[in-house]
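A.B. asks: Questions regarding the structure given below will be posed in turn.
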Amino acid sequence: MQPALEALALSCGETVFLSWLDGDEGLCTDIAQSQHQLRFSIEVGQRFALDAGAHAKAILAFQPEALRQRVAQRAESSAQELEARLAQVRADGWAYTCEESAATVAGLAVPLYSRDTRTVVGSLAIAGPLQRLDEHALPRLLDALRAARDTIGPVTGFLR
């Protein structure tokens, strides 16, 4: 799995990380750092709230309503705003955010489904400075992200 993450980080030039749902939070479990001096910083073992950032929203959007409501109660945005954004993530099948989890940072993420393809158990994300991860870069990065997900899926036990 690490070789696939490193290949994605090298091809896109940004930090790539794998996160899993752990209770009502996300947990970063694997990472491949960008080679740029200016890069997004997250650590293996770091926990995060599910209401901010592409990596979080790619997980939260596909969770049962009860979990989404619990997260919304603690969120900085209104429950209606959060649910509208999550509905868009579900419709698109991926999440893109700008400056949600950190200033000047953008993120792009795809959900990771369990082997039975019924449950989202995590996300695969690319994050970096907004000037490099702008909306013009999305088509290329999304294709690379999906290809990496297809490569690591069978190894980690998830599909899609």
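A.B. asks: So if R0 is 25 Å, what FRET efficiency would residue 78 and residue 47 give, r being the distance between their Cβ atoms, rounded to the nearest 0.05?
C.D. replies: Taking R0 as 25 Å, the efficiency between residue 78 and residue 47 is 0.60.
A.B. asks: Rounded to the nearest 500, what is the 222 nm mean residue ellipticity of the chain from helices alone, with -39500 (n - 2.57) per DSSP H run of 4+ residues and division by all residues?
C.D. replies: Helix contribution divided over all residues of the chain: -12000 deg cm²/dmol.
A.B. asks: Hey, what did the chain get for relative contact order, percent, Cα under 8 Å, at least 6 apart?
C.D. replies: Contact order relative to length: 24 percent.
A.B. asks: Cβ under 15 Å from residue 54's Cβ, residue 54 left aside: what net charge do those residues give with Lys, Arg +1 and Asp, Glu -1?
C.D. replies: Taking every other residue near residue 54 into account, the sum is -1.
A.B. asks: Using mean Cβ contacts within 10 Å as the protection proxy, how do 116-124, 64-72 order, highest first?
C.D. replies: 116-124, 64-72
A.B. asks: Can I ask one more? Provide the descending list of Cα extents for region 2-159 along its principal axes, expressed in whole angstroms.
C.D. replies: Here the Cα extents, ordered largest to smallest, are 38, 35, 28 Å.
A.B. asks: Can you tally the net charge around residue 86? Count Lys and Arg as +1, Asp and Glu as -1, for every other residue whose Cβ sits under 12 Å from the Cβ of residue 86.
C.D. replies: The answer is -1.
A.B. asks: Can I ask one more? Could you give the dipole magnitude of the chain about its Cα centre, charging the beta-carbon of Lys and Arg +1 and that of Asp and Glu -1, in debye to the nearest 20?
C.D. replies: Using only the charged Cβ atoms, the result is roughly 320 debye.
A.B. asks: Within 10 Å, count the other beta carbons around each residue, average over each peptide in 17-23, 89-95, 108-114, and list them highest first.
C.D. replies: 108-114, 17-23, 89-95
A.B. asks: Also, quick follow-up: How high is the relative contact order of region 107-154, given as a whole-number percent (alpha carbon pairs under 8 Å, six or more residues apart)?
C.D. replies: 37 percent
A.B. asks: Follow-up question, since we're still on this one. Can you give the alpha-carbon Rg of region 73-147 over 2.2 N^0.38 Å, where N counts its residues?
C.D. replies: 1.17
A.B. asks: Now for a different question. Tell me the net charge near residue 143. Cut-off is 12 Å between Cβ atoms, residue 143 excluded, with +1 for each Lys or Arg and -1 for each Asp or Glu.
C.D. replies: Once positives and negatives cancel, what remains is +2.
No value in this document is a laboratory result; all are computed from the given coordinates. Bear in mind the structure is a predicted one, so any value in this text is a computation, not a measurement. With ideal geometry, Cβ positions are generated from the backbone for all residues, glycine too; neighbour counts draw on all protein chains shown.
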